[in-house]
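> A single structure is presented below for examination.
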Amino acid sequence: MGCAGFTCSKNSLCAVNILYVMVSLLMIGIAAWGKWFGLVSSFQVVGGVIGVGVFLFIVALVGLVGAMKHHQVLLFFYMIILFMVFVVQFSVSSACLAINKDQQEQLLEVGWNNSQNTQIDVEKTLNCCGFNSPVLNGTCPAACFRTSNICPTCADKIQEHADEVLRFVGGIGLFFSFTEILGVWLTYRYRNQKDPRANPSAFL
């Protein structure tokens with residue numbers, strides 16, 4: 001029947017949703033692994049990543065079941081949710097790629113001040129103390145503070161990697177946003193196709 005046929009649309013939609021299931025399980029596994037081995041102590045960060053992974057898993061499962069059964073209601077809600085996710089993800093990815101240095105520093109400082117656990121993780125990982133000024137209360141967990149009490153500020157260390165991380169996150173986000181709009185288009189086309197194995201006189 002060619003690539004425009006019912007079977008091709010069904011298999012393509014199933015493949016897209018299997019990809020989403022794998023990505024969601026990977027996100028959940030990495031977040032749980034990081035928390036288990038103490039690489040990330042912030043529960044908000046781990047909980048946020050796991051929450052996004054679970055949401056993506058549920059959406060992908062709905063799409064997979066809808067595709068396998070050609071279920072009109074499931075496919076409709078899947079298409080709507082996937083389109084909303086596309087709009088949000090495309091906007092965030094574009095913002096990551098377009099943000100300038102001053103905006104980066106403001107967002108990083110807000111994130112730094114909102115979580116004590118995140119501060120500890122960053123200080124341990126990047127071997128720095130404080131955000132814009134050195135820590136004077138003796139609570140910095142960085143190795144340099146224990147050996148010499150002289151450490152660079154974390155703002156400088158974070159800024160060294162911020163551009164690269166934002167470009168990476170923005171690029172990955174844009175890639176997956178285009179797979180989402182592909183999923184919306186496949187779902188729309190698939191919903192309006194008739195199953196050749198069904199009664200030819202039946203309406204969808």
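Residue-wise test of (1) over 30 Å from ASN192 (Cβ atoms); (2) more than 20 Å from the chain's Cα centre (by Cα); (3) of a type in the set (Gly, Ala, Ser); (4) at pLDDT 90 or above.
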| site | (1), (2), (3), (4) |
| --- | --- |
| ILE58 | no, no, no, yes |
| LEU61 | no, no, no, yes |
| ILE80 | no, no, no, yes |
| VAL92 | yes, no, no, no |
| GLN103 | yes, yes, no, no |
| GLU109 | yes, yes, no, no |
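> Every residue in the range 138-157 that is in a loop (DSSP other than H, G, I, E, B) and open to solvent by less than 90 Å² (accessible area, probe 1.4 Å), please.
Result: GLY138, CYS140, PRO141, ALA142, SER148, CYS151, PRO152, THR153.
> Out of (1) in a helix (DSSP H, G or I); (2) modelled with pLDDT under 75; (3) open to solvent by less than 70 Å² (accessible area, probe 1.4 Å), what's the single condition that is false for VAL135?
(1)
The values are calculated or read from the model by the stated rules, or taken from the named source; none is laboratory data. The structure presented is a predicted model; accordingly, all values stated were derived computationally and were not measured. In this analysis, Cβ positions are derived from the backbone assuming ideal geometry, glycine residues included, and neighbour counts consider all displayed protein chains. Each accessible area value is taken on the protein alone, full model and side chains, heavy atoms only, with ligands, DNA and RNA left out. Shrake-Rupley method; radii C 1.70, N 1.55, O 1.52, S 1.80 Å.
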